[in-house]
Amino acid sequence: MNCFIRKIQSLAMWQEGKDAKQILSPLHAMRYALDINKGKGKPSFWRATNEEELEKIVLGMLLMMNINQIDSIRIISFGEECFSGNQGKLSNKEDPSFPIISVRKLHYELNPANETVILPIAETFLSCKGECKEFHKNKTKNNVLNMGEILKKYLNDVSDEYKEKALKLLK
């Protein structure tokens, strides 16, 4: 595993494009651009090289959400090939406010972040080996760990600023 992670709201449109290996409509293109650009500042990506890093990154994303109970997290994982050949460049920039201290250094930003860069990245993702994945709030047959189990597993890695929230989510 060596991929760049991005949290998204819904997997449906991404999965449809992934299955077809192309952007299916202008609505899909707009949704992909919105998902990649969402947030403040430059679009963030997280580099995971193993399953433990991926779980910690997803846990940090959960803790940053404005929620009062454990929720599901949907991500897409971009392979490095999604960024090579495109005009956008990923720059490593540690995120000192991320809830999981041990993965703060795995944060990357995309620059520039405009449609001429974003859509080719999405198109490459749709035709490459990246994947769409959901970390469920509840245990499912297909999911080895759910978000509650991941939170319990890495509770000691949560920063002091998010420890109280993490404990509340476990109740």
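Being in a helix (DSSP H, G or I) and open to solvent by 50 Å² or more (accessible area, probe 1.4 Å) is the filter here, so list the residues in the stretch 138-156 that pass it.
Keep residues of the stretch 138-156 that are in a helix (DSSP H, G or I), which gives 147-153, 155-156.
Of everything in the stretch 138-156, those that are in a helix (DSSP H, G or I) and open to solvent by 50 Å² or more (accessible area, probe 1.4 Å) turn out to be Glu149, Lys152, Lys153, Asn156.
Given the conditions (1) under 21 Å from Gly39 (Cα atoms); (2) at pLDDT below 95; (3) open to solvent by 50 Å² or more (accessible area, probe 1.4 Å), report the number of the one that Ser97 does not fulfil.
Tallying (1) under 21 Å from Gly39 (Cα atoms); (2) at pLDDT below 95; (3) open to solvent by 50 Å² or more (accessible area, probe 1.4 Å), Ser97 fails exactly one: (2).
Restricting to the stretch 50-63, name every residue that is out of contact with any helix residue (DSSP H, G or I) (no Cβ under 8 Å at 6 or more places or on another chain) and in contact (Cβ under 8 Å) with a residue 12 or more places away in the chain. I'd like the intermediate steps shown before the answer.
Initially, the stretch 50-63 is screened for residues out of contact with any helix residue (DSSP H, G or I) (no Cβ under 8 Å at 6 or more places or on another chain), giving 50-52, 54, 61.
The answer is Asn50, Glu51, Leu54, Met61.
Condition first: within 28 Å of Ile23 (Cα to Cα), part of a helix (DSSP H, G or I) and in contact (Cβ under 8 Å) with a residue 24 or more places away in the chain. Can you find one or more residues in the stretch 93-116 that meet it? Break it down stepwise before answering.
From the stretch 93-116, those within 28 Å of Ile23 (Cα to Cα) are 107-116; that's our starting set.
Okay, now just the ones that are also part of a helix (DSSP H, G or I), so 115-116.
The next check asks that each one be in contact (Cβ under 8 Å) with a residue 24 or more places away in the chain; those that pass are 115-116.
Yes, the stretch 93-116 has at least one match.
Within the stretch 125-160, can you find the residues that are basic (Lys, Arg) and either at positive phi or in contact with a strand residue (DSSP E or B) (Cβ under 8 Å, 6 or more places away or on another chain) (or both)? Quick ask: steps written out before the conclusion?
The first filter runs over the stretch 125-160 and keeps only residues basic (Lys, Arg), leaving 129, 133, 137, 139, 141, 152-153.
Answer for the stretch 125-160, where residues must be basic (Lys, Arg) and either at positive phi or in contact with a strand residue (DSSP E or B) (Cβ under 8 Å, 6 or more places away or on another chain) (or both): just Lys133.
The values are calculated or read from the model by the stated rules, or taken from the named source; none is laboratory data. Computed from a predicted model, the values in this text were never measured in an experiment. We place every Cβ from the backbone using ideal geometry, glycine too, and count neighbours over all the protein chains shown. Just the protein is used for accessible areas: all its heavy atoms, side chains included, with ligands, DNA and RNA removed. Shrake-Rupley method; radii C 1.70, N 1.55, O 1.52, S 1.80 Å.
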